[in-house]
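Some notes on the structure that comes next.
The values are calculated or read from the model by the stated rules, or taken from the named source; none is laboratory data. None of these values were measured; they are calculated from a predicted model. Cβ coordinates were reconstructed from backbone atoms using ideal geometry, including for glycine residues, and neighbour counts include every protein chain displayed. Just so you know, the surface numbers come from the protein's heavy atoms only, side chains and all, with ligands and any DNA or RNA stripped out. Shrake-Rupley method; radii C 1.70, N 1.55, O 1.52, S 1.80 Å.
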Amino acid sequence: MTDQRDEAQRARDALLANLRQELLEPVSAILGFGEMLRDEVAAQGPEEIGPDLERILSAARDLKAMVDKLLDQEVARSLFAGKDDVTAEQMLRHELRTPINAIKGYGEMLLEDLEDLGAERLRADLTTLLDHAERLLLQVDAIVDFSRSQPADTVDRPSAPSEASAMVAELVQRMRPVSEADAERAQTGTILVVDDMETNRTLLSRRLSRDGHRVATAEGGRRALELMAAEDFDLILLDLMMPDMNGFDVLAKLKADPALHQVPVIMISALDEIDSVVRCIEAGAEDYLTKPFNPVLLKARISASLEKKRWRERERLFLDRLESEKEKYERLLLNILPQQIVGRLNAGETLIADRYNDVTVLFSDLVGFTEMSARLPPTTVVQYLNRVFSLFDGLVRELGIEKIKMNGDAYMVVAGLPERRPDHAEVVAELALRMIAGLDDLNADSETALQIRIGIHSGPVVAGIIGTHRFLYDVWGDTVNVASRLEAYGIPSEIQVSEATAKLIGKRFDLVERGLVRVKGKGRLKTYLIRDRKQLAAAPPQAERNPASSS
């Protein structure tokens, strides 16, 4: 066990030795060129460059302080005390890349502004400074990666940085530059930058604002969650390593919140560990970027994430419209067909035909309507019919009866289909009384007043869908014919029912025998008139009824 600890310590010491050799030269060069640029700007201007140069120098000094700690073996060992190799590598990468990110970011923005500021004379030194920062970045990655694959006793100055630099240079040459047209098409939006380092927040905010985005910042995970609860964001750039709440925990809370889980998140970190990348993507992150950012890559990733969000929003709007149209379609069908029949049609049935042995059919007709329609303006006729049938429709819905159709001034309903109910005759009788009472009230408030005849009969029918264009749910059979005849041979403002119906409702309604009525096609039929409800039936009919005897 002691030998294993010693071997691990020797590996760390070898790693620190490599760092000492590889990092001192570019760090010193960055400081040197930065100080020269600062002195020249102080002497000749422009003053606008001064604050960003100070930020570059501040980051370089932080980097130098970190390297100085690594030069002291005892201090370096205390930094990684109790850390395994993987954790030590993560710490190194994070601590070193954070200031490099600031140096590259501010330097690249200055480079873009030199021409506008009339400071082209500074381009050579600033470019050299950025070249050293790029070299330093490659060295940090190569040293840490190289340390994993080499035995402790063979760790030496690696050649990987120069090889990596060559590969990067070749890749950049082969890449097609982003055209102005592409830039114009770039998506912009409201972006939340979450990072515990003020330098990183400022750098990202400035660059994103320059690209046309609206930017808000949060210094930690908890503050980010507060902002997201109060404001809408199109994209979140979320740092992985933060002291109060790490980025992964923030990501998990976002994806668990129904109101926020659709907002795309790009994770940012100085670590490019594959396990961290995979874990974040699996948890719902849109993408993953490592510090320091390549400006072109950063812009491309943000544009891609915003474009995906736009497409998701379009898809959601399309689905909402689709659902709205479906609801309209359902409502339209329900205005034409019973709900149960609509469900069967939606389930794929094409031929719907059913037999019902116990239903009650009602026909009504306005007395004198034809004469009225001949002498009154069409609008008056239609308005009157609309008021009458709207009244009837409301009563039908209230009592749960199926309206079958209207034909001119005729109105037909059936109870007991498509949902069977034992009180079909009683509920239709109740409807008939309410129709007459409602029409009387309507006539009292109208210049036009008509009476109504109603005929009711109970028995078996066949019901189904007919037609493919403007289809109709209809009922057929002798029961329908008899009910229609009873209406035709009825008395104005009276409800004429057959003997079959009278037997079903006699216990709850007062009936008067009319006698035998000659009915076309049926001969002489014994009929009854409904006078009123009996006292025990003052309330509307319920679902369960006892069989009634004839009156």
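The condition of being hydroxyl-bearing (Ser, Thr, Tyr) and modelled with pLDDT of 85 or more holds for only one of Ser78, Ser58, that being Ser58.
I need the full set of residues from region 293-306 which are touching a residue at least 12 places away in the same chain (Cβ under 8 Å) and either under 26 Å from Leu130 (Cβ atoms) or surrounded by fewer than 15 Cβ atoms within 10 Å (Cβ to Cβ) (or both), in order please. Give the steps one after another, and end with the answer.
Restricting attention to region 293-306, the residues satisfying the condition of being touching a residue at least 12 places away in the same chain (Cβ under 8 Å) are 293, 295-296, 298-306.
Result: Phe293, Pro295, Val296, Leu298, Lys299, Ala300, Arg301, Ile302, Ser303, Ala304.
Can you say whether Arg387 is touching a Gly at 6+ places or on another chain (Cβ under 9 Å), open to solvent by 50 Å² or more (accessible area, probe 1.4 Å), among the basic types (Lys, Arg) and in contact (Cβ under 8 Å) with a residue 40 or more places away in the chain, as far as the supplied structure shows?
On the way: touching a Gly at 6+ places or on another chain (Cβ under 9 Å): no; open to solvent by 50 Å² or more (accessible area, probe 1.4 Å): yes; among the basic types (Lys, Arg): yes; in contact (Cβ under 8 Å) with a residue 40 or more places away in the chain: yes.
No; evaluated as a whole, the condition is false for this residue.
Which members of region 404-433 meet the condition of being open to solvent by less than 30 Å² (accessible area, probe 1.4 Å) and either without any contact (Cβ under 8 Å) to a residue 60 or more places away in the chain or outside any helix (DSSP H, G or I) (or both)?
Initial filter on region 404-433 (open to solvent by less than 30 Å² (accessible area, probe 1.4 Å)): 404, 409-418, 423-433.
Hits for region 404-433 are Ile404, Asp409, Ala410, Tyr411, Met412, Val413, Val414, Ala415, Gly416, Leu417, Pro418, Asp423.
Name the single residue that is farthest from Ala502 (Cα to Cα) among those in region 434-445 being open to solvent by less than 30 Å² (accessible area, probe 1.4 Å) and touching a helix residue (DSSP H, G or I) at 6+ places or on another chain (Cβ under 7 Å).
Within region 434-445, the match that is farthest from Ala502 (Cα to Cα) is Leu442.
Do we have Tyr411 as modelled with pLDDT under 90 and either under 29 Å from Arg518 (Cα atoms) or not β-branched (Val, Ile, Thr) (or both) here? First the steps, then the outcome.
Values: modelled with pLDDT under 90: no; either under 29 Å from Arg518 (Cα atoms) or not β-branched (Val, Ile, Thr) (or both): yes.
No.
Quick check on region 354-398: of everything there that is more than 50 Å from the chain's Cα centre (by Cα) and assigned to a strand (DSSP E or B), which residue is farthest from Glu430 (Cα to Cα)? Walk me through it before giving the result.
First, the residues of region 354-398 that are more than 50 Å from the chain's Cα centre (by Cα): 365-377.
With assigned to a strand (DSSP E or B) added as a condition, the list becomes 365-367.
Numbers: Asp365: 17, Leu366: 19, Val367: 21 Å.
Out of the qualifying residues, it is Val367.
Taking region 243-280 as the range and being over 20 Å from the mean Cα position of the chain (by Cα) and within 18 Å of Ile302 (Cβ to Cβ) as the test, the residues that pass are Gly247, Met267, Ile268, Ser269, Val277, Cys280.
Given the structure, is Arg514 outside any helix (DSSP H, G or I) and open to solvent by 10 Å² or more (accessible area, probe 1.4 Å)?
Values: outside any helix (DSSP H, G or I): yes; open to solvent by 10 Å² or more (accessible area, probe 1.4 Å): yes.
Here the answer is yes, as Arg514 does meet what is asked.
Scanning region 331-363 for residues that are acidic (Asp, Glu) and modelled with pLDDT of 70 or more, which turns out farthest from Val475 (Cα to Cα)?
As a first pass, look at region 331-363 and keep what is acidic (Asp, Glu): 349, 354, 358.
Then drop every residue that is not modelled with pLDDT of 70 or more, which leaves 354, 358.
Values: Asp354: 9, Asp358: 13 Å.
Within region 331-363, the match that is farthest from Val475 (Cα to Cα) is Asp358.
Among the residues of region 479-497, is there at least one that is farther than 30 Å from Glu371 by Cα and open to solvent by 30 Å² or more (accessible area, probe 1.4 Å)? Step through it out loud before you land on a result.
So the first thing to find is which residues in region 479-497 are farther than 30 Å from Glu371 by Cα, and the list is none.
Checking region 479-497: not a single residue is farther than 30 Å from Glu371 by Cα and open to solvent by 30 Å² or more (accessible area, probe 1.4 Å).
Would you pick out the residues in region 192-205 that are surrounded by 21 or more Cβ atoms within 10 Å (Cβ to Cβ) and part of a loop (DSSP other than H, G, I, E, B)? Within region 192-205, Asp195 is the sole residue that qualifies. Quick check on region 451-464. Is at least one of its residues crowded, with 18+ Cβ neighbours inside 10 Å, assigned to a loop (DSSP other than H, G, I, E, B) and touching a Leu at 6+ places or on another chain (Cβ under 9 Å)? No, that holds for no residue.
Against the conditions (1) in contact with a Cys (Cβ under 8 Å, 6 or more places away or on another chain); (2) open to solvent by 60 Å² or more (accessible area, probe 1.4 Å), Ala229 satisfies every one except (1).
Residue-wise test of (1) modelled with pLDDT of 85 or more; (2) among the aliphatic types (A, V, I, L, M).
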{"residue": "Gly438", "(1), (2)": "yes, no"}
{"residue": "Glu447", "(1), (2)": "no, no"}
{"residue": "Ile452", "(1), (2)": "yes, yes"}
{"residue": "Val461", "(1), (2)": "yes, yes"}
{"residue": "Gly464", "(1), (2)": "no, no"}
{"residue": "Thr468", "(1), (2)": "no, no"}
{"residue": "Leu472", "(1), (2)": "no, yes"}
{"residue": "Asp478", "(1), (2)": "yes, no"}
{"residue": "Asn481", "(1), (2)": "yes, no"}
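Output yes when any residue across region 251-267 is in contact with a Lys or Arg (Cβ under 9 Å, 6 or more places away or on another chain), in contact (Cβ under 8 Å) with a residue 24 or more places away in the chain and surrounded by fewer than 18 Cβ atoms within 10 Å (Cβ to Cβ), and no when none is.
Yes - at least one qualifying residue is present in region 251-267.
Screening region 99-121 for residues that are among the acidic types (Asp, Glu) and open to solvent by 60 Å² or more (accessible area, probe 1.4 Å) and picking the one that is nearest to Asp131 (Cα to Cα) gives Glu112.
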